[in-house]
1. How about the stretch 206-216: which of its residues are within 21 Å of LEU154 (Cα to Cα) and more than 15 Å from the chain's Cα centre (by Cα)?
2. Residues to consider are VAL150, VAL179, VAL228, VAL243; find the one that is touching a Ser or Thr at 6+ places or on another chain (Cβ under 8 Å), surrounded by fewer than 15 Cβ atoms within 10 Å (Cβ to Cβ) and of a type outside the set (Lys, Arg).
3. Could you check the stretch 21-39 and list, in sequence order, the residues that are closer than 17 Å to LEU116 by Cβ and surrounded by fewer than 21 Cβ atoms within 10 Å (Cβ to Cβ)?
4. Counting residues that are touching a residue at least 40 places away in the same chain (Cβ under 8 Å), which strands (runs of 3 or more DSSP E) fully inside the stretch 40-111 reach at least 2?
Amino acid sequence: MPIADQVAAILPARWASTRFPGKPLHLIAGKPLIQRVWEQAQQANVFRRVIIATDDPRILEAAQSFGAEAVLTSSEHPSGTDRIAEAARLLNLAEAGITHVINIQGDEPLIDPALLRQLTGTLVADPAIQMITSANPFPAHEDVHDPNAVKVVLDRAGNALYFSRSVIPYQRNTSIPPVTYYRHQGLYGFTLPFLFQFVGWSPSPLEQAEQLEQLRALENGVKIRVLVTQSLSIGVDTPNDAVKVEQLLQAR
């Protein structure tokens, strides 16, 4: 079965952002932010369906107006993963033959379609992978000590050992070459059965301490494959980020 027949991309988009209310409908170079992300996902040409899962009728209406499949979900979800799981259930994706779901953050308007293809292909090709994400080596201009920049350390097979807001690893031995720090990207892929299993687990202690939901999988003994990429994407967390993205789009 071709990959595109098995995989759905779901874009969680909520209205009530603390730092940027109504962010999904903020116009960037004339188009709503969520439309920019949806278009990048469509360009990957690897998804049977690209779905916007939202908690607000305004976002639902806007998504449908530019031709996207969209579904209204609860406003009570603590995370985007919970939202995409509800969307998958509401739309009966399992019955439709979907075996894998890619969670594309609704505030990543420059997400690389090639990265989406690579991550999806890796996930589907290996039956042992239940969950996958991506990371990139820290760019020189970024502060590795920034707690908003999540770090990840990997084993030799490319699976995550741990994610943290702290600097990991700590290089005590300075007589060896500097270690490479990896910055976690908020892109996830799941097998559909594991997605449902994951959201059924209670938040775990390390997850609650770090406020990083992916630690729930590690604390339950599940390996997370990490695709290391050189691809970078600017997430839109504030109005200033939106201005930066617009400038980049105009420069292209």
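1. Answer for the stretch 206-216, where residues must be within 21 Å of LEU154 (Cα to Cα) and more than 15 Å from the chain's Cα centre (by Cα): LEU206, GLU207, ALA209, GLU210, GLN211, ARG216.
2. Going through VAL150, VAL179, VAL228, VAL243 in turn, the sole match is VAL228.
3. GLU39, the sole residue that qualifies.
4. Because the criterion is at least 2 residues that are touching a residue at least 40 places away in the same chain (Cβ under 8 Å), the strands (runs of 3 or more DSSP E) in the stretch 40-111 that meet it are 49-54, 100-104.
Laboratory data are not the source of any read-out in this text; all were calculated from the coordinates shown. None of the values given here were measured: they were computed from a predicted structure. Backbone-built Cβ (ideal geometry, glycine too); neighbour counts: all protein chains shown.
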